[in-house]
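Have a look at the structure below, then the notes.
No lab work stands behind these numbers, since they all come straight from the coordinates. Given the structure is predicted, the values throughout are model-derived calculations rather than measurements. Neighbour counts are summed over all protein chains in view; Cβ atoms, including those assigned to glycine, are modelled from backbone coordinates with ideal geometry.
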There are 2 protein chains.
Amino acid sequence: MQDGKSGDKTRKPIERQNIRLTVAFEGTAYHGWQIQSDSATLQGVLSEAIRKITGEQVKLTGSGRTDAGTHARGLVANFSTGSAMAPARLARGLNAVLPHDIRVLSAKRTHPGFHARKDASSKIYRYQIYLGPVLPPHLRREYLHYPYRVDVSRMQAAARLFSGEHDFASFAKTNADRTNTVRRIFRCDLKKKGHILHLTVEGNGFLHHMVRNMAGTLLEVGKGSMSLEAFKNLFKQKDRRLAGFTAPAHGLVLLKVRY
Amino acid sequence: MQDGKSGDKTRKPIERQNIRLTVAFEGTAYHGWQIQSDSATLQGVLSEAIRKITGEQVKLTGSGRTDAGTHARGLVANFSTGSAMAPARLARGLNAVLPHDIRVLSAKRTHPGFHARKDASSKIYRYQIYLGPVLPPHLRREYLHYPYRVDVSRMQAAARLFSGEHDFASFAKTNADRTNTVRRIFRCDLKKKGHILHLTVEGNGFLHHMVRNMAGTLLEVGKGSMSLEAFKNLFKQKDRRLAGFTAPAHGLVLLKVRY
């Protein structure tokens, strides 16, 4: 590359790095991923931390939007930078300036074409529920407290029906301007240990509020306010009003994104 | 019981209830159990909540003092009250006025002689350590971050030596005015799962800072800065300066008190 004004000297091309971050956060204090002018968001706070460390205003791509108040153990994001800083040093620098509820678990150099959202092959979410009469304080930020009698084996039978390719229109946020509401669920299981109930779902993609609506609907099946038969019909009915309530954001954790 | 001023009527004796509470708390915001005039403490905040619900200023007895910043899943406390309120209603009332980092898990009527501290036969503590390079945000309040290479099987061998009756003078806070430093440990085990290390100790009593000093000393054994031989000698040396560091308060959780 040559630049007339710099005279005869040949400049080395600027080598850009595409950095892939794995990020964990407790989302209680954030209005979700996407940058907003008036609220703290993950994308906003992370971009600002990157600016402090590299001096650059980068475009940070996340593996997907996340709802306000949800959490992550391993969200993936990427950005292109002209900084030559070693990724491990960058990660340490970011953790030094980030608030304690956001941590960069790793930073790695990846190929220039890597795109955190478009290249994701699946995501794993967990919805966390506490069934006991009183929610222990250390679980309060990341568990839905649901102190009602539920039939867990009925819920498990329903959860298994989520596996496979289905039209999830009944489980998508209403007013969402999606045309294609078909998604493939690779795995959906519900495990109980003491008072704790974990719904773990892996899929190739998720509609807005989909996991929270799946969790809320399963709880209605467990409580007996929805029959298994009515549950089965939801896939073909494609009507959000017929499914269960939207379980609150704070019980949802993005565990992992696969590529 | 008769009272001259009330005339002829025979009053029923005031029946007092001895209430046993099981309490869980995230201790981050508190200066330990014992009431202090100028800082928020568990005993202070709980006593004030009881006053709001029963109208009485009670003497609240805890199963033991706890260090500032430590946590509990099941601390036991008791108090005597003239209120006839049903214990379950009392528990709901307390949880309605307590801050969210303190929860009354249960309230039960117990026999008049029950004393939460004197009657305890054993306590179970867990010290929680995270060994990975970056501490995930959701563990930050209750885990010591120790991102060093440790030999866990050496630590486990040392942990087993804590079992039985020993003089724990080397593991007691210096300047403590204890004369008898002999305690019986019923069980002491160290378990690793992924990056998480849990030291679980059950004993008939604990000296000030004892579990935290046990955890710190085991980490020094694991890191190699203390030999197993040196570790074994600590029981007869009875010298705090020879044991390991005091692991920080925020990794310590009181799991249960047995009676």
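Of all trypsin sites (Lys or Arg not before Pro) in the range A:165-259, which ones are in loop regions per DSSP and have a Cβ with at most 13 other Cβ atoms within 10 Å?
Numbers: sites: A:173, A:178, A:183, A:184, A:187, A:191, A:192, A:193, A:212, A:223, A:232, A:236, A:238, A:240, A:241, A:256, A:258; in loops: A:173, A:178, A:238.
Passing both the DSSP loop test and the Cβ count: A:178.
How many Cβ atoms of partner chains, on average, are near each residue of B:136-143 if near means within 10 Å of its Cβ?
Details: counts 9, 16, 14, 3, 4, 4, 1, 0.
Partner-chain Cβ atoms within 10 Å, mean over residues of B:136-143: 6.
Evaluate Rg over Rh across the range B:202-247, taking Cα atoms for both radii and Kirkwood's formula for Rh.
0.96
Show me the trypsin sites (Lys or Arg not before Pro) within the range A:96-158 that DSSP assigns to loop and that have at most 10 other Cβ atoms within 10 Å of their Cβ. Before the final figure, lay out the partial values.
Details: sites: A:103, A:108, A:109, A:117, A:118, A:123, A:126, A:140, A:141, A:149, A:154; in loops: A:117, A:118, A:140, A:141, A:149.
Passing both the DSSP loop test and the Cβ count: A:118, A:149.
Give me the net charge for the shell around residue B:231: Cβ to Cβ below 10 angstrom, other residues only, Lys and Arg +1, Asp and Glu -1. Mind dumping the intermediate values first?
Details: positive: B:154, B:232; negative: B:220, B:229.
With Lys, Arg at +1 and Asp, Glu at -1, the net is 0.
With the dipole of the range B:14-110 worked out from charges on the C-beta (+1 for Lys and Arg, -1 for Asp and Glu) around the Cα centre, which of B:54, B:32, B:88 lies farthest toward the positive end?
Most positive-ward Cα: B:88.
Mind listing the label-point distances from residue B:182 to the same position on all other copies, shortest first, one decimal in nm, points 7 Å along Cα→Cβ?
For residue B:182, the other copies' label points sit at 7.7 nm, shortest first.
When chain A is modelled as a GNM with alpha-carbon springs shorter than 10 Å, which of A:40, A:84, A:120 fluctuates the most?
Ranking A:40, A:84, A:120 by mean-square fluctuation puts A:84 first.
Enter the mean projected area of the convex hull around the alpha-carbon atoms of the range B:28-120, in nm², rounded to one decimal.
On the way: hull surface 23.3 nm².
Average projection, Cα convex hull of the range B:28-120: 5.8 nm².
Mind checking which of A:27, A:194, A:203 has the largest fluctuation in a GNM of chain A, springs on alpha carbons under 10 Å?
The residue that fluctuates most here is A:194.
Could you size up the charge dipole of chain A around its Cα centre, putting +1 on the beta carbon of Lys and Arg and -1 on that of Asp and Glu, and report it in debye to the nearest 20? Numbers along the way, then the final one.
Details: 42 positive and 20 negative charges, 110 e Å.
So the dipole magnitude of chain A works out to roughly 520 debye.
With a/c under 1.5 counting as rounded, go ahead and sort the range A:70-141 into rounded, prolate or oblate using the C-alpha gyration tensor (a ≥ b ≥ c being the square roots of the eigenvalues; past the cut-off, prolate if a/b is larger than b/c, else oblate).
Working: a/c = 4.55, a/b = 1.77, b/c = 2.57.
Taking the square roots of the gyration eigenvalues as a ≥ b ≥ c, the range A:70-141 is oblate.
Taking the convex hull of the Cα atoms, report for the protein assembly as shown its projected area averaged over all directions, in nm². Each step should come with its number before you reach the end.
Working: hull surface 143.0 nm².
Averaged projected hull area, Cα only: 35.8 nm².
Using modelled backbone amide H atoms (1.01 Å from N, in-plane), which distant-in-sequence or interchain residues come within less than 5 Å of residue B:255's amide H?
Excluding prolines and chain starts, which carry no amide H, the hits are B:73, B:124, B:125, B:126.
Of the residues A:37, A:163, A:121, which exhibits the maximal mean-square fluctuation in a Gaussian network model of chain A defined by a 10 Å Cα contact cut-off?
Looking only at A:37, A:163, A:121, the biggest GNM fluctuation is shown by A:37.
Modelling each spin label as a point 7 Å along the Cα-to-Cβ direction, I'd like the residue A:36/residue A:56 distance in nm, to one decimal.
A separation of 2.9 nm, rounded to one decimal place.
May I ask for the net charge around residue A:246, where only other residues with Cβ less than 9 Å from the Cβ of residue A:246 are counted and Lys, Arg are +1 while Asp, Glu are -1?
Details: positive: A:173, A:212; negative: none.
The answer is +2.
Can you tell me the order of B:88-96, B:131-139 when each peptide is scored by its average per-residue count of other Cβ atoms within 10 angstrom, highest first? Walk me through the intermediate numbers first.
Numbers: B:88-96: 16.7, B:131-139: 19.1.
Highest to lowest by the protection proxy: B:131-139, B:88-96.
Roughly what percent of Cα-Cα pairs across chain B reach past 35 Å?
Details: 8362 of 33411 pairs.
Summing the P(r) of chain B above 35 Å gives 25 percent of all pairs.
What are the ³J(HN,Hα) values, in whole Hz, obtained from phi via the Karplus relation 6.51 cos²θ - 1.76 cosθ + 1.60 with θ = phi - 60°, for each residue of the range A:249-256 in sequence order, with x given for Gly and Pro?
4, 5, x, 9, 10, 7, 7, 7
Can you say what percent of the DSSP beta bridges in chain B, counting only those with both residues inside, are antiparallel? Round to 5.
Numbers: 44 of 48 bridges.
Within chain B, antiparallel bridges account for around 90 percent of the total.
Just how far, in whole angstrom, is the range A:62-139 from the range B:120-176 if you go by their alpha carbon centroids?
29
I need the peptides B:60-67, A:242-249 ranked by packing, meaning the mean over residues of other C-beta atoms within 10 angstrom, with the highest value on top. List each step's numbers first, then the result.
Working: B:60-67: 20.4, A:242-249: 18.6.
The densest-packed peptide leads the list: B:60-67, A:242-249.
Spelling out what I want: for every residue of the range B:239-245, take phi, set θ = phi - 60°, compute 6.51 cos²θ - 1.76 cosθ + 1.60 (Karplus), and round to whole Hz; glycine and proline get x.
So the J values, rounded to whole Hz, are 9, 3, 5, 8, 7, x, 6.
Read phi for every residue in the range A:116-132 and hand back ³J(HN,Hα) as whole Hz from Karplus 6.51 cos²θ - 1.76 cosθ + 1.60, θ = phi - 60°, with x for Gly and Pro.
Along the range A:116-132, the couplings run 4, 8, 5, 8, 5, 9, 7, 10, 10, 10, 10, 9, 10, 10, 10, 9, x Hz.
Net charge near residue A:222: determine it from the other residues with C-beta under 11 Å of the C-beta of residue A:222, scoring Lys and Arg +1 and Asp and Glu -1. Let's see the in-between values first.
Working: positive: A:149, A:154, A:192, A:223; negative: A:151, A:220.
So the surrounding residues net to +2.
Which of rounded, prolate or oblate describes the range A:117-259 when judged by the alpha-carbon gyration tensor and an a/c cut-off of 1.5?
Details: a/c = 1.74, a/b = 1.26, b/c = 1.39.
Oblate is the answer for the range A:117-259, as a/c is 1.5 or above yet b/c matches or exceeds a/b.
Compute the helix-to-body angle for A:210-223: its Cα long axis versus the longest principal axis of chain A, expressed 0 to 90° and rounded to tens.
Between the helix axis and the principal axis of chain A, the angle is about 20 degrees.
What FRET efficiency, computed as 1/(1 + (r/R0)^6) with R0 = 30 Å and r the Cβ-Cβ distance, is obtained for residue A:184 and residue A:223, rounded to the nearest 0.05? Could you put the intermediate results ahead of the total?
Numbers: r = 28 Å, r/R0 = 0.94.
Between residue A:184 and residue A:223 the formula returns 0.60.
Taking the Cα centre of the protein assembly as shown as origin and charging only Cβ (+1 Lys, Arg; -1 Asp, Glu), how large is the dipole, in debye to the nearest 20? Can you show the working numbers first?
Working: 84 positive and 40 negative charges, 162 e Å.
Dipole magnitude for the protein assembly as shown comes out near 780 debye.
Just to confirm the numbers: residue B:55, label point 7 angstrom along the Cα-Cβ line, distances to the other copies in nm, shortest first?
7.1
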